[in-house]
Amino acid sequence: MNFQRVANSLATRIILLGIAFVVLGTAVRAYVLTQYLREDISSVMASQQLTLANYVARDVDHKLLERKNLLARIAATLPPDLLNQPAALREWLSLRYGLQPLFTEGLFVTTTAGQSLADFPQQPEREGVDYADRDYIRTALKGELAVGSPVMGRVAKKPVLPMAAPIKGADGQVLAVLAGITALDAPGFLSFAPQDRIGEVGGFLLVSPRDRLFVASTDPGMVLKPTPADGVNTLHDRAMRGYRGSGITVNARGVEEISAMASVPSTGWFVVARIPTSEALAVVTRVQSFVARNSVWAVLIFLLGTTGALVYVFRPLLHAADHADRMTRGEAPLEPLVVVRQDEVGHLTEAFNRLLAKLQDSQSEMVHMAHHDVLTGLPNRALLADRLTQALARAARNGTRIALLYIDLDRFKPVNDSLGHEAGDAALVEIARRLAAIVREADTLARVGGDEFIVLLHDLDPASAEAEKGACAVASKCLDAIEAPMAIQGGQHSIGASIGVAIGDGQMSSHALQIAADSAMYRAKQAGGQQFAVAVAGDYQESIQTGS
């Protein structure tokens, strides 16, 4: 058998193409089936995880409220005159502790200065200890019931959760603070036992977003460990920002898992119920294995059936090919043979031309992006530097002056932090729009930082006083435009600005002009903001000293 002939045979190619279609069809069916199973089972598992997380969160919240209410009742009934009798106060605490010993590491009372006054059970290590640095003591001294941050106990020498309640006099003044300490691993409190695992390796986490700590975990080694840094686990990042629900994510150890988050309302914590997808979706893996085994048999059956059919169908063609081969060797008379060939060169050329046009468009877009701010569309620092150089050169030729207005927003950070980055971006876009409406078309408005803008005014009056007057008028308009209230997420917000104004001519370097404007801006900000300051001689001298 001629191997080269079989390899180049049309029948062989059709068989291989058919096998490819069978394999592809099987792969597509397997993919669709496994995706359907994965989504369906993931949805069921996510619902179950959320149910478990909500149940545990309610249980944790109940335990915390139970201790908060108990501590509040004890503080409310503590006789103020006992604060001057430590021994009697300790005896009084022992009676309450004996009735409901929820605080496993004891109760203690501190003075308004944070000094330990009396405790029960009595711990010599606690006598005279200054607790003024503890967050729960500071909050209780303000008259509020507080749940402190989970910490390694100073006396208990193990992870504990402190709580504190103010002890008030008849006039409502805080006289002392009553604190209760509970070990995190106390039976029936916040500890998770090995039997609390979900499946083989899944389990629960109790997270404090405020402290960025794992308060409790099925894995004891994670207790009081810091939560992952931002960007490591996207679903965890959303949960830290307030998301409650379920989803699939990759944890800090690189393991994909199904997680569900539920809130603990009394503290702002949240419970995470999680299970690795490899365990939750094991049935999907078994289905994939089953489909793969059956695909092998399907390919073998197709190969046998198709080979027989094609040999029968293409037998005349094979004879014709043999006849043509004999003609080439002179063993048979020459006869015309029709050869049909489809030429794809034209199509390939058109595709290449379309690709070239697309690359040119992409190059133009990249050039624009390299010189403009993505958010506002304004010129960026690089384009500003080029235009500033050109403006200085033109000022030198024409004997005119230019002005640089360095704008720094005053109250932008509180809006960005409280309403989120989307609201901050919307505010920046609106401010850019307002400033653009003020400057002339020949001037340049650029965004050079997060909340920093620069206005470059061209071709000002040669006289320094007149140039300064014109620049100050523009600065005043900018302040009014920025301060005007703007609607952000349904509310009205006002953002101010501090502006530094520097006047230059063709003899000044661009760096010196920017340093002078920056220095003037800082003076305006230090003066209270929402105003502008004009660069003085000292600002220009400072720019020379910095190497301009």
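Read-outs throughout are calculated quantities, based only on the coordinates presented, and are distinct from any laboratory measurement. From a predicted model like this one, the values you see are computed outputs, not experimental measurements. We place every Cβ from the backbone using ideal geometry, glycine too, and count neighbours over all the protein chains shown.
From the largest down, the stretch 78-183 spans 37, 27, 25 angstrom on the principal axes of its Cα atoms.
When 472, 478 are sorted by how many other C-beta atoms sit within 10 angstrom of their C-beta, beginning with the fewest, the order is 472, 478. Across the options 79, 108, 172, the greatest Cα extent toward the positive end of the charge dipole of the stretch 78-183 (unit charges at beta carbon of Lys, Arg, Asp, Glu) belongs to 108. Here the chain is treated with +1 on each Lys and Arg Cβ and -1 on each Asp and Glu Cβ, and its dipole about the Cα centre works out to around 1280 debye. Per-residue 3J(HN,Hα) values for the stretch 40-49, derived from phi via the Karplus relation 6.51 cos²θ - 1.76 cosθ + 1.60 with θ = phi - 60°, read 5, 5, 4, 4, 5, 5, 4, 5, 5, 4 Hz in sequence order (x marks Gly and Pro).
Between the C-alpha center of the stretch 231-309 and that of the stretch 8-74 there is a gap of 5 Å.
Rounded if a/c is under 1.5, else prolate if a/b beats b/c, else oblate: with a ≥ b ≥ c from the C-alpha gyration tensor eigenvalues square-rooted, which is the stretch 381-463? Since a/c reaches 1.5 and a/b is larger than b/c, the shape of the stretch 381-463 is classed as prolate. Overall, the stretch 45-131 carries a charge dipole of about 320 debye about its Cα centre when +1 sits on the Cβ of Lys and Arg and -1 on the Cβ of Asp and Glu, all other atoms neutral.
Positive contributions from Lys and Arg (+1) and negative ones from Asp and Glu (-1), summed over other residues with Cβ under 13 Å from the Cβ of residue 467, come out at -3. Per-residue ellipticity at 222 nm from helix content only, as computed over the chain with -39500 (n - 2.57) for each DSSP H run of at least four residues, stands at -16500 deg cm²/dmol. Of the residues 94, 129, 161, the one whose Cα sits farthest toward the positive end of the charge dipole of the chain, with +1 on the Cβ of Lys and Arg and -1 on the Cβ of Asp and Glu, is 94. Checking every one of the chymotrypsin sites (Phe, Trp or Tyr not before Pro) in the stretch 105-179 against DSSP loop status and a limit of 16 other Cβ atoms within 10 Å picks out no site at all. Since only 390, 307, 493 are under comparison, the one whose Cα sits farthest along the positive direction of the charge dipole of the chain, derived from C-beta charges on Lys, Arg, Asp and Glu, is 307.
Annotation: average projected area of the stretch 474-530 is 4.9 square nanometres, based on the convex hull of Cα atoms across all directions. Magnitude of the charge dipole for the stretch 410-548, about its Cα centre and with charges confined to Cβ atoms of Lys, Arg (+1) and Asp, Glu (-1), is about 240 debye.
Put simply, the C-alpha atoms of the stretch 42-83 give a gyration tensor, and the ellipsoid matching it has half-axes of 41, 5, 4 Å, longest first. Against the empirical curve 2.2 N^0.38 Å, the C-alpha radius of gyration of the stretch 370-545 lands at a ratio of 1.01. What base-10 log of the normalised intensity I(q)/I(0) is obtained for the chain from the Debye formula, alpha carbons as equal point scatterers, at q = 0.06, 0.07, 0.10 Å⁻¹? Values returned for q = 0.06, 0.07, 0.10 Å⁻¹ are -0.65, -0.80, -1.01.
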